[in-house]
Each structure stands twice: as C-alpha cells, then as structure tokens.
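The block underneath contains the structure these notes are about, expressed in structure tokens.
We did not get these values from a lab; they are worked out from the coordinates using the rules stated. For clarity, every value in this text was computed on a predicted model and none was experimentally measured. Glycine also receives a Cβ, built like all others from the backbone with ideal geometry; neighbour counts cover every protein chain displayed.
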Amino acid sequence: MERDIVEKVRKAGIVGAGGAGFPTHVKLAAKVDRVLANGASCEPLLMSDPYLMEHEPEGVLRGLQLAMSATGARQGTVCLKGKHHAAVEAIRKWVGKGPFKDMDVFELDDFYPAGDEQVLVYELTRRVVPEGGIPLQVGAVVSNVETLFNVARAVDGNEPVTERRLTVTGDVARRLIMKVPIGLPIGEVISLAGGATVEPFKVVVGGPMMGQVVSDLGTPVDKTTSGILVLPPDHNVVIGKSTDPARVRHLTKVVCCQCTRCTDLCPRYLLGHSLKPHAIMRQLGASPEAASEVMKDALICSECGICEKYACPMMISPREVNAQLKRELLQKGAKRTLKPQDYRPSAFRDARKIPTSRLMERLRVKQYDEHPPVYSEKINPKEVLIPLKQHMGTPAVAAVKQGDRVKQGDLLGEIADQALGARVHASIDGVVVSVGERILIRRA
C-alpha cells in the first residue's frame, strides 16, 4: 500500500506547492511519527491555502491520510492560523472522526514566518530541526495543503498536476483566487483579473517577502506559483527586489552599523541556530572571502526577509547578501562545518515574533489584505508554455517532440535517470509547437 501511494504520487508529478517544489514522492518515502499539513499561509496576502481548506476540507484531509499511510505516521495535524475562522471551522468538522480519527488541528498565531517548516515544527512539537536539516530528522514530514490535495487526486483519481491555485492581488481591477492551467503566462492571469490599475506596473511572483520581481509577462505559472502581486514600480517591495546585486553588497559593506537587530529577529537564530546575519555583514566588510567559516553560515539562512524588510534600521539587505553568498558557495562546492549543539531557543523568541499586520504596514501592502473571491469561470488558453523544471533538483527530460498531439494530463517530461526530479504533464489539449527548456503547446 505504501509503495503504491508513493508510486502514484511520483507518476503524477507532485511537488511541494508551498515553496521550493521538493518532489513529494521522495518526501513520502520516509518513515516518520507525524505528518503536518501546512496551511499557515506564511506570506502576507496569499489566500489560496485558507480557501482550499475552507472549500475542499475532505480532499485535504484525504491527502493527509494518504501521506500518513505512506510514511507510517501515527498522527496527522492540520496547522493553520486561527484568524482563518472559516477554514478552521471547515477542517474541525472532519478531523478526529471516521477515517480522519488520528488527526487534529493546531491553530497558530498570526505571525511571520509561521509557515516556515522549521518554525512550524517547533511551534507544534517543541523540537528544533538541526541547522541545515529537515523535519525528518525530528520525526516529522511537513507538506503544504495544496500538495496533499494533489496527493488525494493522484491516488484516488490518477490525476497528474496540471493546475495551480494562486492569489492575484495588489493593484489589479479584481483581486482573486484563481485555479489556472500550468504554463499560463502571468500576463494573461493579470488580464483575467481585469488588468493592472496602475501604469506602469511591476509584477512580483510569489509573496511580498520572498517573491521575485518578474519583468517578462510571458513568464509561465508553474507548480510553485503561489501568488501574483501587481505593484507600482516605486513601491518599496519592488525596489528592494530590483536593486542591482553589486550595489546591495557595496551598501552593506559601507552602511551596516552592527546594531544586531537582524540577528535579534532572525527566526533561525531564535530557534537556537548559530546563524548571525550581523556577523556575516561584518565579515563582508572586513574580508569578502565567501569561503570563510562565518560566511558559510549563509547556507542555513531561510531567506525569509525579516532582516531586510523589517529589522534593519539602515534599510540594507542582509537577505539578498546571504542569497548571493549561498550561490557563490554552492558554485564553489563549499561545505559548512556542522556545529552540533544542544539547541536552545531564545528566551525572547515569543516576544520577538513579527505580527503579520505590523509587517504588512511596514511593507505598505495592508490595503491589499482581504479574502478575495474565487474566479469561477473556465480558463481555456490558446497556448501554454510548460517548464521542464518546476521543482527542486534536475529538470525533467522531454518525453515528446515537435508536432506531437497531446491531451491534458499526458506526460511531457520524465524524471532523469537516478535524479531528484518530478514528472511534467500537459495542462491543455493541443499540439507540441516547440521543445526546449520549456514546452510550448498550442490548441489545435
């Protein structure tokens, strides 16, 4: 039974819908005590997860049940913020009874980043995931609620992942929750929301904290696209994500005042990890050698953005510097020396949690905070552009060629031999127009 579940999940191409897109079949092959369904909606403004739990609770819980069976877990817990009252009520109607008797609900306070899996595990279990580690090391698997919903569809209906729920918000005519075909250009998503209400505008794919500014409106929605945020080009969320990386690094060297606020509020540091962003910034100013032991601590940064969007009084970007250092270190093949210790979360941790409402005010996005309606019309695009890499690991290998006719759900890309990866499937019926890093399908 366990192998059947994992195999069906592998065939369906399911990846983590809440972040980096880790292939779910790999995660479910582990053995753990507990599975956590992550519905905490970590990023401000993104509302598709609460919507899914409110309107499809049985599907989410069925996916959690299957994940528990695959991993041998005795307990399943749905984790979501207590402020999402309708979602909490919908889930509580099902848990603790019938096929879901070994499940419960854990309500989180409204703070950022409550949905970070290491923070979530500690909030629920009081166990600290080791530095650079994963929840498996403390007997848990964490899976996003949309991921689990996809697991249920794959196992019970043999349905691959061809659609993605996301939030469209910001300066658009209609803020919406939408279910769109994988490969739909973000420009078309914005058009379906009535278009931008500012001109010119910029687009952040993801949330305001960890999302990325995308200039090409032809960029396709993929399995990890949780939100599309439309903002004026001079908005502080956009400017912070658009500054030249070399300038970011230079300003950090020159301006950092070593106040330690970035460290004091860092979620990893507050869990007892040895990450100290201010020390990395100091080392950057004294010696730019990325391979130093201090610099290697950037490898355990979650890139949540609290340091640059909330903590820093000088308005510099420790998160961006850490991201740059990560890339350099990984390219060099650098390894960080493990620093085993008795992890002791900070006594000030609860007092230093960042309220989401205060964070939104700091970001200047509070005016967009709402529970938007769902877009209910059927979306039938003329063409889609489907990336072969929508996940952590190695890109899928094309399984079709130019001129092939495909139907929705047909295999487009297979997992490379012995690689960490995920399958890719067609999201519409049509003809394969071109095959490269992305596969273009056009309706016949």
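Given axes a ≥ b ≥ c from the Cα gyration tensor, I'd like to know whether the range 2-157 is rounded (a/c under 1.5), prolate (a/b larger than b/c) or oblate. Intermediate results must be reported in sequence, preceding the final value.
Working: a/c = 1.38, a/b = 1.11, b/c = 1.24.
Cα axes put the range 2-157 in the rounded bin.
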So, relative contact order of the range 2-157 in percent, Cα under 8 Å, 6 or more apart, is 33 percent
Suppose only helical runs count, i.e. DSSP H with n ≥ 4. What mean residue ellipticity at 222 nm does that imply for the chain under -39500 (n - 2.57) per run, divided by all residues and rounded to the nearest 500 deg cm²/dmol? -8500 deg cm²/dmol
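Among 163-173, 311-321, what's the highest-first ranking by average C-beta atoms within 10 angstrom per residue?
Details: 163-173: 22.9, 311-321: 21.3.
Listed from highest to lowest mean packing, they are 163-173, 311-321.
Please work out the FRET efficiency for the pair A398 and E107, using the Cβ-Cβ distance as r and a Förster radius of 35 Å; give the result to the nearest 0.05. Intermediate values should be presented prior to the final figure.
Numbers: r = 45 Å, r/R0 = 1.27.
For R0 = 35 Å, the calculated efficiency reads 0.20.
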Determine the shape class of the range 242-363: with a ≥ b ≥ c the square roots of the Cα gyration tensor eigenvalues, call it rounded for a/c under 1.5, and otherwise prolate if a/b is greater than b/c, oblate otherwise. oblate
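Can you sort R127, R3 by how many other beta carbons sit within 10 Å, fewest first? Walk me through the intermediate numbers first.
Numbers: R127 15, R3 9.
Taking fewest neighbouring Cβ atoms as first place, the list is R3, R127.
Taking a cut-off of 32 Å, what percent of all Cα-Cα pairs in the chain are separated by more than that?
Numbers: 37466 of 98346 pairs.
It works out to 38 percent of all Cα pairs.
Taking R0 as 22 Å, what's the FRET efficiency between D369 and D216 from their Cβ-Cβ distance, rounded to 0.05? Intermediate values should be presented prior to the final figure.
On the way: r = 28 Å, r/R0 = 1.26.
That pair, D369 with D216, gives E of 0.20.
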Run the numbers for S191 and H55: contour at 0.36 nm per residue of separation, minus the present Cα-Cα distance, in nm. 46.4 nm
Once amide H atoms are built 1.01 Å from N in the peptide plane, which residues 5 or more positions from L108, or in another chain, come under 5 Å H to H? L80, K81, G82
Given contacts defined as C-alpha pairs under 8 Å and at least six residues apart, what's the relative contact order of the chain, whole-number percent? 16 percent
